[in-house]
Structures are given as C-alpha cells and as structure tokens.
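Undergrad: Before anything else, here's the structure in question.
The values are calculated or read from the model by the stated rules, or taken from the named source; none is laboratory data. Being a predicted model, the structure only gives us computed values, none of them experimental. All Cβ positions, glycine included, derive from the backbone under ideal geometry; neighbour counts span all protein chains shown.
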Amino acid sequence: MPVITQSFADFPKEHAFRHPMKPGGRESLAHMLMFPEHGIAGFIYPTVLADGHAKGRATLFGPGLKEPIHEQIDEEVAASLNFDNWVSGPLRMAVIEPHKRVDLAWNGERIKFDGHFEALHPPYAFSSHPDGNPPYYGDDRTEQHGRLKATLEVDGRKMNGDGYLVRDHSWGPRIWGLNQHYKWFHATTERCSIHFFEMLSFGRRQVRGFLHQDGVMRHLTEVTYDFTYDDQMMQKTFQATVTDTDGRKVRVDCKAFANIQLEFDPMVYLNEAAVTVEIDGQTGTGWCEFCWNRDYYNFARDYVKLYG
C-alpha cells in the first residue's frame, strides 16, 4: 500500500521554477480553463525544450463558441528566463508565491485572458509516491487545483470567470507513444479535490493520484470508474470512486460540457473533456483526458456504438 514518503507541503520551492534538463527534455505547465457558465473550456500551455525552444499555446473550445480557437507562439528563449516572470509573445506566466499563487495572461489576436490562481492544496508530486514518476513521462510532475479569478475576451466578447483551475507542471522526457492508453482525471469542489493518472504502458498499469478533503491530503490506493462515449468515442459522462491511504472513499460524478480532440504527437490522440462535477452534493469542475494510440482509436471508433 502506498505511504507518504515526504510531506506534500514540504515539496521544495525551487521546483516551481525552470529546471535544467538533459538533451531531449521538455518542461510544460498546463493551465486547464473551465467555464461551464459560458460553455467554454480550454487551456494556456507554455512549454520549453532543453535547447531553449519554447512554445506558448492558448486553446478555447466548447458550445459557447462557433468553432475552436487556437493561438500559438514559437521562439527561442534565453536560459535566464524563468517562471517568476515568463514572457513569450502574448503569454505571461508569473509564479508570485511558489506552489501557492500564479498570475497568468494571454494577449492574442482573438483570445485575451487575465487570471489569478490561488492553490487549494499543496502540489502533488509524483516523486512522493513510492514508485515515483514513470521515467519516460518526466523526471517529475506536480498536479494542483486552485481557485481562479479571471477576465476572458473572445473576439471582443468579454466575460468574467470565478471558479477553479487545474495546473499541471512536468519536466524531463516525454515519450507520448509509450502509453498504449491513459486517463488523466481531475475533479475539484470547494471542499474536495481528486486527481488520478492511470497509465497503461508495456502491459503494466500504473496509477498515481491524491485525495484532498477537509484539509487532509493522501495518496490514492484504489480507483474504480465507469463512463459513456458518444458515437465518436469521446467521453461524455464519468463516474469514479477513489480510496486513499486513510481508507477514505469518495465518489465523483462528472458530465462533459465541452470536448475536443488534440494531436500533439504523431503516435496518439488526446480526447479532452472539460466536465462539471458533483462530490457529496457539492458542485465543481474538472477535466478528463483519454490518450489513445491512433491505430487503436481509428479502428475501435467504428465499433463504439455496438460495443463501447
């Protein structure tokens, strides 16, 4: 049974910032945006490679838009540029207080965003798990939920957002295709946060994750789930029950309010679902990403109505 090998709250502050990496390494910080009240979801996603090549992506999608919107900047950045004030084209990300507060902004042609993140719990580092982080998927990674206050403007339409943000930070190798399939799941309410990452690689199942409830954060020991698909094999509903090292058991019910398929890597598809969440009568938001090997997905999709 997994045990806590270090205090989550004591995770070193320097890991909130940029890491030196070996050739081929990749550092990324995914900020998942969930605005069900506007029918809009998306992400702001800075990445930087060991050689200094950086990308900044902003994507919005959902029923509140006529079409998905993608904006991107590619450039070389200096080794001295760090996450205390990361500025790249339309993107600004500033770690104000490590693992606690982050300012995030995007000033693009169609997307304008200005947001402030405050963490609801300490970062969950995969290195704190006895089995660590799968080495083909990074030297380490952290997952964290927080409150978000933001303004969003899309093609001149202005909106306010007051909800939650999922923040993922990883660094090191990233070999997407070694995952035959994975589920990357997040759900958060004011009282409870749940994350699990289930990877199926080399014929083995690996699960990392946490439950944070009533101020107590623990590793997960068990995850069970069920879900439904549409006719394109996009996940539409998701129910999960998680159990932690203290024996606490929590059920979460989710419904997708926005879906999109992403093609970040030639080996896999990423099927995204931004979801509304209910945990013990409290509502919130979350994210459910399914990673599929492309050959399998293209074959299985034709059978999903019959067998899926």
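Undergrad: Need the failing condition index for T224 against (1) at pLDDT 95 or above; (2) within 21 Å of M34 (Cα to Cα); (3) not aliphatic (A, V, I, L, M), just the number.
TA: Of the numbered conditions (1) at pLDDT 95 or above; (2) within 21 Å of M34 (Cα to Cα); (3) not aliphatic (A, V, I, L, M), the odd one out for T224 is (2).
Undergrad: OK, next. If you go through the range 225-239 one residue at a time, do you hit one that is out of contact with any strand residue (DSSP E or B) (no Cβ under 6 Å at 6 or more places or on another chain), in contact (Cβ under 8 Å) with a residue 12 or more places away in the chain and of a type in the set (V, I, T)?
TA: no
Here is a yes/no grid of residues against (1) modelled with pLDDT under 95; (2) closer than 25 Å to N160 by Cα:
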position: M1; (1), (2): yes, no
position: S28; (1), (2): no, no
position: E37; (1), (2): no, yes
position: N85; (1), (2): no, yes
position: N107; (1), (2): no, yes
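Undergrad: Also, I was wondering about something else. Would it be correct to say that L165 is within 27 Å of V102 (Cβ to Cβ), touching a Pro at 6+ places or on another chain (Cβ under 9 Å) and assigned to a strand (DSSP E or B)?
TA: no
Undergrad: Confirm whether A256 is under 28 Å from Y297 (Cβ atoms), part of a strand (DSSP E or B), among the aliphatic types (A, V, I, L, M) and in contact (Cβ under 8 Å) with a residue 40 or more places away in the chain.
TA: Taking the combined requirement at face value, the residue does not satisfy it.
Undergrad: Can you name the residue in the range 100-122 that is in a loop (DSSP other than H, G, I, E, B) and touching a residue at least 24 places away in the same chain (Cβ under 8 Å) and is also nearest to R174 (Cα to Cα) among such residues?
TA: By that ranking, first place goes to P122.
Undergrad: Hey, F299 hits all of (1) without any contact (Cβ under 8 Å) to a residue 40 or more places away in the chain; (2) of a type in the set (A, V, I, L, M, F, W, C); (3) within 25 Å of E71 (Cβ to Cβ) but one; which does it fall short on?
TA: The one condition F299 does not meet is (3).
Undergrad: Do we have any residue at all in the range 64-71 that's of a type in the set (A, V, I, L, M) and touching a residue at least 24 places away in the same chain (Cβ under 8 Å)?
TA: Looking for residues that are of a type in the set (A, V, I, L, M) and touching a residue at least 24 places away in the same chain (Cβ under 8 Å), one finds at least one in the range 64-71, hence yes.
Undergrad: Suppose we keep only residues that are touching a His at 6+ places or on another chain (Cβ under 8 Å) and aromatic (F, W, Y) within the range 184-224. Which one would you say is surrounded by the most Cβ atoms within 10 Å (Cβ to Cβ)?
TA: Checked the range 184-224; the qualifying residue surrounded by the most Cβ atoms within 10 Å (Cβ to Cβ) is F210.
Undergrad: Go through (1) modelled with pLDDT of 95 or more; (2) surrounded by 20 or more Cβ atoms within 10 Å (Cβ to Cβ) for H129 and report which single condition fails.
TA: (1)
Undergrad: I've got another one for you. Which residue pairs have Cβ atoms under 7 Å apart, sit 6 or more places apart or on different chains, and have a first residue in the range 123-141 that is within 9 Å of R208 (Cβ to Cβ) and a second that is of a type in the set (K, R)?
TA: Listed by first residue and then by second, the contacts come to F126/R141; F126/R208; H129/R208; N133/R141.
Undergrad: Residues being in contact with a His (Cβ under 9 Å, 6 or more places away or on another chain) and crowded, with 21+ Cβ neighbours inside 10 Å: count how many of those fall in the range 169-183. Full working, then the answer.
TA: Just the residues of the range 169-183 that are in contact with a His (Cβ under 9 Å, 6 or more places away or on another chain), to begin with: 169, 171-172.
Still in the running and crowded, with 21+ Cβ neighbours inside 10 Å: 169, 171.
Adding up the residues that qualify gives 2.
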